[in-house]
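A.B. asks: Sharing a structure, written as structure tokens. Questions coming.
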Amino acid sequence: MSDVVGDRPPGLAGTGLADPGVLADTGLTAAQVAERVAAGRTNAVDAHTSRSLPQIIRANVVTPFNGLLLALFVVILATGRWQNGLFGLVIVANTAIGVFQEVRAKRTLDKLAVLNAPHARVVRDGELSEIDVDGVVADELIELRSGDQVPADGEVTASAGLEVDESLLTGESDPIDKAPGDQVRSGSIVVAGQGRFRATAIGAEAYATRLTAEAKKFTKVSSELVGGTNTLLRWISLMMLVVAPLLVWSQFRSSDTETWQDGVTGTVAALVGMVPEGLVLLTSLAFMLGAVTLARKQTLVQELPAVEVLARVDVVCLDKTGTLTHGDIVFDRLVTADDADAEAVREALALCASGDDANATAAALAPEFGGPTWTTAAAVPFSSARKWSAFTADGRGTWVFGAPEMVFPAGGGPLLETAGEIASEGRRVLVLARTDAALAGDGLPAALAPQALVVLAERVRADAADTLAYFAEQGVSLRVISGDNPLTVGAVATAVGLPGISSAAEAVDARTLPEDPDELAEVLEHHAVFGRVTPQQKRAIVTALQSRGHVVAMTGDGVNDAMALKDADIGVAMGNGAAATRAVAQLVLLDGKFSHLPDVVAEGRRVIANIERAANLFLVKNVYSLVMALVVVATAAAYPLAPIQLTLISAVTIGIPGFVLALGPNRRRYVPGFLNRVLRLAIPVGVLIGAAAYAGDRTIRAIDPVGGLTAGQTVATVTVLVASLWALSLFARPLVAWKVGLIGLMALVVVVILAVPALGHGVFLLDVTWLRLGVAVGLGLVAGLLVELVGRVMLRKNRTA
């Protein structure tokens, strides 16, 4: 930290500021600071970056799914038959996965949420000191230097070439010069010069805090998979309300019911079989593993369903800065006048690049024109107000470097015409001029002659073109919406090959956009690049696209992007962006690389396609469980499966293979209608398997009457296992080596359980004989053949639907 020299901050002495009295301000006294702290007038803000831990736990524990299974689990425990309560582990697993992932994301986000400018330099009692940003109080006199982030809103009291970048707030990337009396806002960045300002709005009253207050409200991402599963749960819950009393009545009047425990066990078995608990668990697991996969690629998933939502995205709205470009400028090319001395031009530019008033332009020139050999006799530093700088080199004349329209306000000459043509393409053009006249104060010297044009360009990300090409191949359209100059945005979009624009002139100035949502949506359908877009317009653009049925992803890094990210179907924040933006986004690109988005989209599509395949397995079980429940209600027979037997069936034909299938590769594009497709296939297959299971139970009771309920359950269990393994082979297609191995392994597990009495009889309550096994396998194979025929027809319909 620098020391204070007299009453002036370092770097401001001798700058010729208009109001030296302001510089003599000694700031607040210790007593005044204490008074403001006691009154709570400090910069401290309660900045929540995500849901609290209690909120996360409550949201994952208190669900209709968990409540339903917990109630059934308690009933089973009351019977004393512990084996039949193993399904209760699903509650623990599903809850733990959801809590683990959200807590993990919260901790990562909290680390990212550390302020980019954690300290501020303040003047108190005439002394300059450095304090935490939270310690700034109202009316504080704060010093700013290049690279600082403004910690509060206020009025500039002193300026020495002070320039501020407000792109995080407005999207406008051009630096804004600040003179005494001008306003600065929290969250903006000092990019050049130095100065002081008086804090007039702090903490919750500051602009950036007010802008993001609404955005910090937590909202859940919309997921078709989760929504479809919840719809199923609602339907099933209604059916269970109707079926459950009938099941109780039928099970207690069945001739196979000897104790109340038998009746309760049969009822719970039927009800548990009707709940798609495995589908909910698998969905959570698939989302979590997708999130882990993306974390390895520097992408933080804050909400599990966000992995799936990106698979459905068909429009990506992105900012220019931070996505297509790095946000800084680089040297593009040098255009030298015909009569200019090329060597002298390069030496002059080298001197410009090494000046004491180093700014973004100087940084862009330094790699190309480093190491000057000339020395400066006199100089006029760069100012945003005059937009040029000048120096006199010993024996080499006076050189002026700046904006062509400011250096040559009257224009003229072929080189300046060229400058206009280049600028019309969205490039930044500066002119280097020379004269033999000496510098006189801070006015332009006379008789200037243009020597060269320096063309600067925003540094385009090397991977931007490939990323955009990927989205084009995948049928995802792109909209660039930026607060920057339309020509600049259009030039960058053209340079990276963005579909929908062929020249910078095609970019739309957002100030001309209609306010009517329908008219705005029509414009968005025909144009891809927009400049001068305000934060309110970004929200309107997202809403307009959604009104046309689009699923919209929005990327951003600034506070100005926060509300648009919140309104979009999926918000993607840059890890190096504003903390408020990261807080509302469902995905955070930790290293700020837009090129990770194709990985995210591909992972989302893999997850949703594989879950749909596995969902067929789970819903088949729900259907045949419902079929058997309705049959036993109508016949007053005992339910032919025990809860532990349903657990076995679920594990080897649904749970384990479904989990493995969900991890496999799948490049299928997203197709709407997940729930309808699954039901079209699962209902007929489930009906066939349910009918086969009931037929097995009735058949063995007829030919082996002494076996009773145990014989019926054994045959029904084996029948369902055989038919379900066949259905597994259908849903897993195309069959490749690892899938065949998976199905074979599950079949081997079944054989081992049936062959080992300690497992088959001791754990799963089966009583296997050759007769029962023969009947079950025969019925299972017949059911499998019918499943094959029906499944092929329905799969063909799903592909053409």
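The values are calculated or read from the model by the stated rules, or taken from the named source; none is laboratory data. As the structure is a computational prediction, the values presented were derived from the model and not from experiment. Cβ coordinates were reconstructed from backbone atoms using ideal geometry, including for glycine residues, and neighbour counts include every protein chain displayed.
A.B. asks: Quick one: in segment 165-190, which of the residues that are assigned to a strand (DSSP E or B), of a type in the set (Val, Ile, Thr) and under 29 Å from the mean Cα position of the chain (by Cα) is modelled with the lowest pLDDT?
C.D. replies: Start the filter on segment 165-190 by keeping residues that are assigned to a strand (DSSP E or B), which leaves 165, 176-177, 183-184, 189-190.
The next check asks that each one be of a type in the set (Val, Ile, Thr); those that pass are 176, 184, 189-190.
Now restrict to residues that are under 29 Å from the mean Cα position of the chain (by Cα): 189-190.
On the way: Ile189: 75, Val190: 80.
Taking the candidates together, the pick is Ile189.
A.B. asks: Check Leu416, Leu439 and return the single one that is outside the structural domain of Ala493 (by TED's automatic domain parsing), surrounded by fewer than 22 Cβ atoms within 10 Å (Cβ to Cβ) and out of contact with any helix residue (DSSP H, G or I) (no Cβ under 9 Å at 6 or more places or on another chain). I'd like the intermediate steps shown before the answer.
C.D. replies: Working: Leu416 fails: out of contact with any helix residue (DSSP H, G or I) (no Cβ under 9 Å at 6 or more places or on another chain).
Result of the check over Leu416, Leu439: Leu439.
A.B. asks: Please report, ordered by residue number, the helices (runs of 4 or more DSSP H) entirely within segment 296-375 with at least 1 residues that are under 28 Å from Leu498 (Cα atoms) and of a type in the set (S, T, N, Q).
C.D. replies: Values: elements: 306-312, 342-353, 360-365.
The helices (runs of 4 or more DSSP H) meeting that bar are 360-365.
A.B. asks: Just name the residue that is modelled with the lowest pLDDT out of those in segment 472-504 that are of a type in the set (Val, Ile, Thr) and farther than 22 Å from Leu310 by Cβ. Explain how you work it out, then say what you get.
C.D. replies: Within segment 472-504, the first condition is being of a type in the set (Val, Ile, Thr), and the residues that meet it are 476, 480-481, 488-489, 492, 494, 496, 501.
Filter once more, so that each one left must be farther than 22 Å from Leu310 by Cβ: 488-489, 492, 494, 501.
Values: Thr488: 84, Val489: 88, Val492: 88, Thr494: 89, Ile501: 90.
This residue is Thr488.
A.B. asks: Right, here's the next one. Considering only residues that are assigned to a helix (DSSP H, G or I) and among the β-branched types (Val, Ile, Thr), which ones fall in segment 492-504? Please lay out each step first, then the result.
C.D. replies: Quick first cut of segment 492-504, residues assigned to a helix (DSSP H, G or I) only: 492-495, 504.
Within segment 492-504, Val492, Thr494 meet the criteria.
A.B. asks: Return the pairs, sorted by first residue and then second, in which the second residue is assigned to a strand (DSSP E or B) and hydroxyl-bearing (Ser, Thr, Tyr), the first residue lies in segment 315-334 and is farther than 25 Å from Glu473 by Cβ and in contact (Cβ under 8 Å) with a residue 24 or more places away in the chain, the beta carbons are less than 9 Å apart, and the residues are 6+ apart or on different chains.
C.D. replies: That search, which allows pairs on different chains as well, returns Gly327/Thr321.
A.B. asks: Quick one: which of Ala634, Ala702, Ala638 is at pLDDT below 90 and part of a helix (DSSP H, G or I)? Break it down stepwise before answering.
C.D. replies: Working: Ala702 fails: at pLDDT below 90; Ala638 fails: part of a helix (DSSP H, G or I).
None of the others qualify; the one that does is Ala634.
For every residue, the table says whether it meets (1) more than 41 Å from the chain's Cα centre (by Cα); (2) within 18 Å of Ala692 (Cβ to Cβ); (3) hydrophobic (A, V, I, L, M, F, W, C).
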site	(1), (2), (3)
Val750	yes, yes, yes
His761	yes, no, no
Asp767	yes, no, no
Val793	no, no, yes
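A.B. asks: Pull out all pairs, ordered by first then second residue, where Cβ-Cβ is under 9 Å, the residues are six or more apart or on different chains, the first lies in segment 473-486 and is assigned by TED's automatic domain parsing to the domain that holds Gly549, and the second is among the aromatic types (Phe, Trp, Tyr).
C.D. replies: What qualifies is Val476/Tyr470; Ser477/Phe471; Leu478/Phe471; Arg479/Phe530; Val480/Phe530; Ile481/Phe530; Ser482/Phe530; Pro486/Phe530.
A.B. asks: Tell me which residues, restricted to segment 301-329, are within 17 Å of Ala602 (Cα to Cα) and among the basic types (Lys, Arg).
C.D. replies: Arg312
A.B. asks: Say whether the condition of being assigned to a helix (DSSP H, G or I) and of a type in the set (D, E, K, R) is met by at least one residue in segment 766-781. Quick ask: steps written out before the conclusion?
C.D. replies: Start the filter on segment 766-781 by keeping residues that are assigned to a helix (DSSP H, G or I), which leaves 770-781.
Retained after the next criterion (residues that are of a type in the set (D, E, K, R)): 772.
Within segment 766-781 (the criterion being assigned to a helix (DSSP H, G or I) and of a type in the set (D, E, K, R)), the answer is yes, since at least one residue qualifies.
A.B. asks: Would you point out which residue out of Ala662, Ala634 is more than 18 Å from Thr283 (Cα to Cα), of a type in the set (Gly, Ala, Ser) and more than 21 Å from the chain's Cα centre (by Cα)?
C.D. replies: Only one candidate qualifies: Ala634.
A.B. asks: Six or more apart or on different chains, Cβ atoms under 7 Å: show the pairs whose first residue is in segment 387-408 and within 18 Å of Pro175 (Cα to Cα) and whose second is among the aliphatic types (A, V, I, L, M) and part of a helix (DSSP H, G or I).
C.D. replies: Close Cβ pairs satisfying both conditions: Lys387/Met406; Trp388/Met406; Trp388/Val407; Pro404/Leu416; Pro404/Ala419.
A.B. asks: Read through the list (1) among the aliphatic types (A, V, I, L, M); (2) in the same structural domain as Glu343 (by TED's automatic domain parsing); (3) farther than 30 Å from Asp339 by Cβ, then give the number of the only condition that Leu520 fails.
C.D. replies: Status for Leu520: all satisfied but (2).
Residue-wise test of (1) surrounded by 24 or more Cβ atoms within 10 Å (Cβ to Cβ); (2) under 16 Å from the mean Cα position of the chain (by Cα); (3) among the aliphatic types (A, V, I, L, M).
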{"position": "Val292", "(1), (2), (3)": "no, yes, yes"}
{"position": "Lys297", "(1), (2), (3)": "no, yes, no"}
{"position": "Leu300", "(1), (2), (3)": "no, yes, yes"}
{"position": "Val307", "(1), (2), (3)": "yes, yes, yes"}
{"position": "Lys320", "(1), (2), (3)": "yes, no, no"}
{"position": "Thr325", "(1), (2), (3)": "yes, no, no"}
{"position": "Glu343", "(1), (2), (3)": "no, no, no"}
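A.B. asks: Looking at the structure I just gave you, is Thr512 in contact (Cβ under 8 Å) with a residue 40 or more places away in the chain and either crowded, with 23+ Cβ neighbours inside 10 Å or in the same structural domain as His596 (by TED's automatic domain parsing) (or both)?
C.D. replies: Here the answer is no, as Thr512 does not meet what is asked.
A.B. asks: Evaluate segment 234-253: report whether one residue or more is outside any helix (DSSP H, G or I) and either modelled with pLDDT of 70 or more or touching a Ser or Thr at 6+ places or on another chain (Cβ under 8 Å) (or both). Steps first, please.
C.D. replies: Initially, segment 234-253 is screened for residues outside any helix (DSSP H, G or I), giving 253.
Pick out the ones that are also either modelled with pLDDT of 70 or more or touching a Ser or Thr at 6+ places or on another chain (Cβ under 8 Å) (or both) and you get 253.
Yes: one or more hits.
A.B. asks: Is it the case, given these coordinates, that Asn616 is closer than 16 Å to Phe674 by Cβ, over 33 Å from the mean Cα position of the chain (by Cα) and not assigned by TED's automatic domain parsing to the domain that holds Ala553? Break it down stepwise before answering.
C.D. replies: Working: closer than 16 Å to Phe674 by Cβ: yes; over 33 Å from the mean Cα position of the chain (by Cα): no; not assigned by TED's automatic domain parsing to the domain that holds Ala553: yes.
Taking the combined requirement at face value, the residue does not satisfy it.
A.B. asks: Another question, if that's okay. For Gly21, which of the numbered conditions (1) outside any helix (DSSP H, G or I); (2) surrounded by fewer than 12 Cβ atoms within 10 Å (Cβ to Cβ); (3) modelled with pLDDT under 70 fails to hold?
C.D. replies: Answer for Gly21: the failing condition is (1).
A.B. asks: Somewhere in segment 749-758, is a residue in a loop (DSSP other than H, G, I, E, B) and in contact (Cβ under 8 Å) with a residue 60 or more places away in the chain? Break it down into steps so the answer makes sense when it comes.
C.D. replies: To start, the set of residues in segment 749-758 that are in a loop (DSSP other than H, G, I, E, B) comprises 756.
Filter again for in contact (Cβ under 8 Å) with a residue 60 or more places away in the chain, leaving none.
No, every residue in segment 749-758 fails to be in a loop (DSSP other than H, G, I, E, B) and in contact (Cβ under 8 Å) with a residue 60 or more places away in the chain.
A.B. asks: Can you tell me which residue within segment 533-555, out of those that are under 20 Å from the mean Cα position of the chain (by Cα) and among the charged types (D, E, K, R), is surrounded by the most Cβ atoms within 10 Å (Cβ to Cβ)?
C.D. replies: The qualifying residue surrounded by the most Cβ atoms within 10 Å (Cβ to Cβ) is Lys538.
Per-residue answers, yes or no, for (1) among the charged types (D, E, K, R); (2) in contact with a Phe, Trp or Tyr (Cβ under 8 Å, 6 or more places away or on another chain):
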| site | (1), (2) |
| --- | --- |
| Val460 | no, no |
| Asp466 | yes, no |
| Ala469 | no, no |
| Ser482 | no, yes |
| Gly490 | no, no |
| Val508 | no, yes |
| Ala521 | no, no |
| His526 | no, no |
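A.B. asks: May I pose another question? Any idea which of Val316, Val309 is within 30 Å of His526 (Cβ to Cβ) and at pLDDT 90 or above?
C.D. replies: On the way: Val309 fails: at pLDDT 90 or above.
Result: Val316 is the single residue among Val316, Val309 that is within 30 Å of His526 (Cβ to Cβ) and at pLDDT 90 or above.
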